[in-house]
Amino acid sequence: MRAVTFSLSACLMGAAVLAAPAAFGAKADRAWQSAAGAADETVFALTGDSIINRRLSVYEAPGKDAMFGLIRGADAAFTNFETLIHPYNMPGAAESGGTYMASPPFVAKELEWAGFDLLGLANNHGNDYGAEGLMMTVDALSKTDLIYAGAGSNLAFARAPGYLDTRRGRVALISTSSSFPSAIGAGAQRKDLPGRPGINPLGHEETYSVTQQTFDSLKPMGRAMKVDGQDTLRIGNATFAVGATVGVVSKANARDLAELAASVRDARQQADWVMVSVHSHEYKTPSDPTQPADFLVEFAHAMIDAGADVVVGHGPHILRGIEVYKGKPIFYSMANFIFENDLVAFQPAENYEKTELPESALPSDYYSKRSKNDTVGFPAGRKYWQSVVAEVIYKDDRTLKGIKLHPVALGFGRSRPQRGQPYPATGAEAAQILEDITKLSEPYGVKITVKDGVGYASWKTD
């Protein structure tokens with residue numbers, strides 16, 4: 001268990017109160033007590049995307065102390081750092097991940113205060129301010145005690161694990177992303193030219209499965225090909241084929257998959273535990289973004305085959321199911337833990353132009369316009385503001401002992417300054433979150449039993 005160097009009572013003096021449900025008493029606090037501390041157990045605390053622009057340490061919410069106590073109490077705690085740290089002294093890139101991200105330098109200290117040790121950096125926002133913005137972020141984090149992975153000055157550094165030393169052994173983190181503008185992927189170093197700064201890429205190829213009627217209607221527009229004996233059409237960068245169901249069939253890029261597996265095998269020899277983080281927006285069918293793309297399942301299995309102890313996914317900003325593969329857990333998406341993407345201080349001209357706003361418009365105008373005053377997009381969707389903190393508990397013999405799921409709310413339906421920071425979900429909202437992840441995990445053979453507001457996973461052993 002890590003020592004906490006902040007005085008929580010001092011941090012909370014004079015703080016604004018976040019209006020969370022008041023019926024969160026000692027019983028609910030006990031539900032957040034960590035399993036960490038047992039002599040024969042190693043505990044990982046896992047969360048999803050953190051887009052952070054405010055201080056965590058000063059706000060109040062019922063159960064907040066217990067929630068962060070659980071994160072601090074874990075032997076290693078992870079979140080995906082889906083933002084950048086820079087002073088806006090360079091232009092935004094021509095192509096971004098959506099919101100052009102920037103956060104003040106203090107957010108790193110706030111994540112340390114919260115108890116996090118491990119940060120994934122590979123995501124679709126790494127290039128929002130070009131290579132300079134990404135490397136400024138890496139430089140800022142290098143001045144903290146946080147361990148990070150997934151970005152670097154060339155492909156070798158972006159692929160490389162980050163290492164955390166804990167009382168329960170050395171933990172390696174490898175971070176990658178399948179969702180990114182093409183300019184963001186790190187490039188390999190050569191003897192005659194330096195590599196390109198960027199994130200650790202996981203490429204993939206997609207084939208759109210369509211009906212025969214649709215396929216025939218596309219023929220005049222495309223170039224006929226044969227792939228694995230199947231007739232296909234190529235239109236631009238898209239491949240179409242006739243399938244039994246309408247959807248997307250995808251495969252991981254073979255070279256990326258092999259190099260990422262090599263990173264895991266390397267980490268397996270250098271550390272006691274290996275965690276793989278993957279940022280992936282892609283889905284299996286357009287009508288259901290909760291179902292991960294085929295290549296993501298392929299990738300997660302390959303990482304465990306190579307020696308990973310846990311694979312933690314994020315990216316679509318909603319929960320996806322949990323699988324236990326060969327005795328190792330895969331979280332296909334942990335949704336959001338901190339979600340403050342509409343509190344970024346500035347946006348470049350491109351985003352104002354996309355929303356047809358005049359030059360006189362200011363950031364609040366942009367955020368209001370793109371969400372149509374919170375009636376569409378992220379502000380209007382319940383599932384974007386609900387998630388879990390997962391505890392993964394291993395025995396000394398490396399046997400997976402348990403997975404505990406603690407429901408988290410981020411203030412769905414509240415005003416912009418009152419939403420985005422996490423607090424323990426209670427009552428009907430907690431039940432809804434656990435019901436969602438229970439249904440999403442059932443296809444993978446994982447059963448979740450709810451007791452005292454906490455989900456306990458069980459699975460069939462191989």
In segment 33-58, how many are at pLDDT 95 or above and either under 27 Å from residue 281 (Cα atoms) or among the hydroxyl-bearing types (Ser, Thr, Tyr) (or both)? 14
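This table checks each residue for (1) surrounded by fewer than 22 Cβ atoms within 10 Å (Cβ to Cβ); (2) under 22 Å from residue 54 (Cβ atoms); (3) at pLDDT 95 or above.
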{"residue": "119", "(1), (2), (3)": "no, yes, yes"}
{"residue": "138", "(1), (2), (3)": "yes, no, yes"}
{"residue": "143", "(1), (2), (3)": "yes, yes, yes"}
{"residue": "157", "(1), (2), (3)": "yes, no, yes"}
Return only the number of the condition from (1) basic (Lys, Arg); (2) crowded, with 24+ Cβ neighbours inside 10 Å; (3) at pLDDT below 95 that residue 320 does not satisfy. (3)
If the Cβ limit is 9 Å and pairs must be 6+ apart or interchain, which residue in segment 143-159 that is basic (Lys, Arg) pairs with which residue that is in a helix (DSSP H, G or I)? 143/108; 159/259; 159/260; 159/262; 159/263
Taking segment 175-218 and keeping residues hydrophobic (A, V, I, L, M, F, W, C) and either out of contact with any Ser or Thr (no Cβ under 7 Å at 6 or more places or on another chain) or within 23 Å of residue 284 (Cβ to Cβ) (or both) leaves 180, 183, 184, 186, 188, 193, 202, 210, 215, 218
Any idea which residue in segment 121-136 is nearest to residue 91 (Cα to Cα), counting only those that are at pLDDT 95 or above and polar (S, T, N, Q)? 124
Which residue out of 50, 96 is out of contact with any Cys (no Cβ under 7 Å at 6 or more places or on another chain) and part of a strand (DSSP E or B)? 50
Taking first residues from segment 205-219 that are under 28 Å from residue 252 (Cβ atoms) and second residues anywhere that are in a helix (DSSP H, G or I) and not acidic (Asp, Glu), the pairs with Cβ under 9 Å that are 6 or more apart or on different chains are 205/295; 206/295; 210/218
Name the residues in segment 236-266 that are modelled with pLDDT of 90 or more and out of contact with any Phe, Trp or Tyr (no Cβ under 8 Å at 6 or more places or on another chain), would you? 253, 254, 255, 256, 258, 259, 261, 262, 263, 264, 265, 266
Just checking, does segment 379-388 include any residue being under 22 Å from the mean Cα position of the chain (by Cα), part of a strand (DSSP E or B), hydrophobic (A, V, I, L, M, F, W, C) and closer than 27 Å to residue 47 by Cα? yes
Considering segment 60-114, residues that are hydroxyl-bearing (Ser, Thr, Tyr) and modelled with pLDDT of 95 or more, and then whichever is surrounded by the fewest Cβ atoms within 10 Å (Cβ to Cβ), we arrive at 88
Residues of segment 271-288 being among the aliphatic types (A, V, I, L, M) and either part of a strand (DSSP E or B) or at pLDDT below 95 (or both), in sequence order, are 274, 275, 276, 278
Looking only at residues that are in contact with a Ser or Thr (Cβ under 9 Å, 6 or more places away or on another chain) and of a type outside the set (Lys, Arg) in segment 439-452, which one is surrounded by the fewest Cβ atoms within 10 Å (Cβ to Cβ)? 449
Quick one: which residue in 134, 119, 141 is in a strand (DSSP E or B) and closer than 25 Å to residue 333 by Cα? 119
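Condition check ((1) over 18 Å from the mean Cα position of the chain (by Cα); (2) at pLDDT below 95; (3) under 21 Å from residue 201 (Cβ atoms); (4) in a loop (DSSP other than H, G, I, E, B)) across all residues:
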| position | (1), (2), (3), (4) |
| --- | --- |
| 269 | yes, no, no, no |
| 290 | no, no, no, no |
| 296 | no, no, yes, no |
| 311 | no, no, yes, no |
| 347 | yes, no, no, yes |
| 351 | yes, no, no, no |
| 376 | yes, no, no, yes |
Within segment 221-267, count every residue that is surrounded by fewer than 17 Cβ atoms within 10 Å (Cβ to Cβ), among the small types (Gly, Ala, Ser) and part of a loop (DSSP other than H, G, I, E, B). 4
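The values are calculated or read from the model by the stated rules, or taken from the named source; none is laboratory data. On a predicted model such as this, the values are computed, not experimentally measured, just so you know. Every residue, glycine among them, receives a Cβ derived from its backbone with ideal geometry; neighbour counts consider all protein chains shown.
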